[in-house]
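Written below as structure tokens is the structure these notes are about.
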Amino acid sequence: LDVKEFALACQAVGFDARLAVATVREPGDHFVCVVHVEGRRFLCDVGNGHPYLRPWDLDALVQEQAFHGWRFQFDPRGAEGPTLRRALPDGRVKTVYVVDPAPRAYADFAPMVSAHYTREEFGPFLTGLRAVRICPDAVLTLRDAEYGRDTPFGRSLRRVGGRDAA
């Protein structure tokens, strides 16, 4: 299920769900879904490889979520717009993205989608292998030749023996 399919599924069961744009590295290089429920707006991101498993309330104060060592903070009133940040294992804090929650049509994302698959410098899809699987007991990640496993007991990393093994 990608973000567009998620928005359509929400609409099919009666929710007001719209696509919106977020910025990870390049302006507008990511899209998310904003769902309206009982007068509130919720940011849902089913297309990102981060394990935040509940929607973020765009009409609330700062919120936090954690899952198997991954910690996130969402500030709906960030200086540049609603901002999602991740606490890294080394103590640094990284901005994941900044959101513009204004509704967008799917066609608005065509240049971004094209750039992801034609411009190596634009995003992660042409620079290496990326895979994430979020399970109830672990978050499994593969980034190029490094396999990560995050569980309630901690994080383990190991090198994968070459591209064919990955």
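Restricted to the stretch 87-98, and to residues there that are open to solvent by 40 Å² or more (accessible area, probe 1.4 Å) and under 16 Å from R155 (Cα atoms), the residue that is modelled with the lowest pLDDT is P89. Working only within the stretch 1-14, note down all residues that are open to solvent by less than 90 Å² (accessible area, probe 1.4 Å), in a loop (DSSP other than H, G, I, E, B) and not acidic (D, E). Matches in the stretch 1-14: G14 only. One residue stands out in the stretch 52-70 among those that are in a strand (DSSP E or B) and open to solvent by 60 Å² or more (accessible area, probe 1.4 Å): the one that is farthest from T151 (Cα to Cα), namely E64.
Please find, within the stretch 19-31, the residue that is least open to solvent (accessible area, probe 1.4 Å) out of those that are in a loop (DSSP other than H, G, I, E, B) and under 18 Å from R85 (Cβ atoms). Step by step, filter the stretch 19-31, then rank; the result is D29. Pick from the stretch 146-166 the residues that are part of a strand (DSSP E or B) and exposed (fewer than 11 other Cβ atoms within 10 Å of the Cβ): which of them is modelled with the lowest pLDDT? Looking at residues that are part of a strand (DSSP E or B) and exposed (fewer than 11 other Cβ atoms within 10 Å of the Cβ), I get G154. Considering only residues in the stretch 71-85 that are under 18 Å from I134 (Cβ atoms) and open to solvent by less than 40 Å² (accessible area, probe 1.4 Å), the one that is nearest to the chain's Cα centre (by Cα) turns out to be L84. Only residues that are closer than 26 Å to R41 by Cα and among the aromatic types (F, W, Y) were counted in the stretch 71-125, giving 5. Could we say that F125 is within 22 Å of F6 (Cα to Cα), free of Cβ contacts under 8 Å to residues at least 12 places away in the same chain and not acidic (D, E) here? Criteria met by F125.
Being touching a Leu at 6+ places or on another chain (Cβ under 6 Å), within 19 Å of F31 (Cα to Cα) and of a type in the set (V, I, T), is that true of even one residue in the stretch 120-142? The answer is no, given that none of the residues of the stretch 120-142 is touching a Leu at 6+ places or on another chain (Cβ under 6 Å), within 19 Å of F31 (Cα to Cα) and of a type in the set (V, I, T). Please go through (1) in contact (Cβ under 8 Å) with a residue 60 or more places away in the chain; (2) out of contact with any Phe, Trp or Tyr (no Cβ under 9 Å at 6 or more places or on another chain); (3) not hydroxyl-bearing (S, T, Y) for W70 and return the number of the only condition it doesn't satisfy. For W70, the failing item is (2). Of the residues that sit in the stretch 103-145 and are at pLDDT below 90 and acidic (D, E), which one is surrounded by the most Cβ atoms within 10 Å (Cβ to Cβ)? Taking the candidates together, the pick is D144. For the stretch 32-47, state whether one or more residues are farther than 22 Å from Q73 by Cβ, at pLDDT 95 or above and crowded, with 18+ Cβ neighbours inside 10 Å. No: the stretch 32-47 contains no residue that is farther than 22 Å from Q73 by Cβ, at pLDDT 95 or above and crowded, with 18+ Cβ neighbours inside 10 Å.
The values are calculated or read from the model by the stated rules, or taken from the named source; none is laboratory data. Remember, predicted model here, so these are calculated numbers, not experimental data. No Cβ is skipped: glycine too gets one built from the backbone with ideal geometry, and neighbour counts run over all protein chains shown. These accessible areas exclude ligands, DNA and RNA; they are computed on the full protein's heavy atoms, side chains included. Shrake-Rupley method; radii C 1.70, N 1.55, O 1.52, S 1.80 Å.
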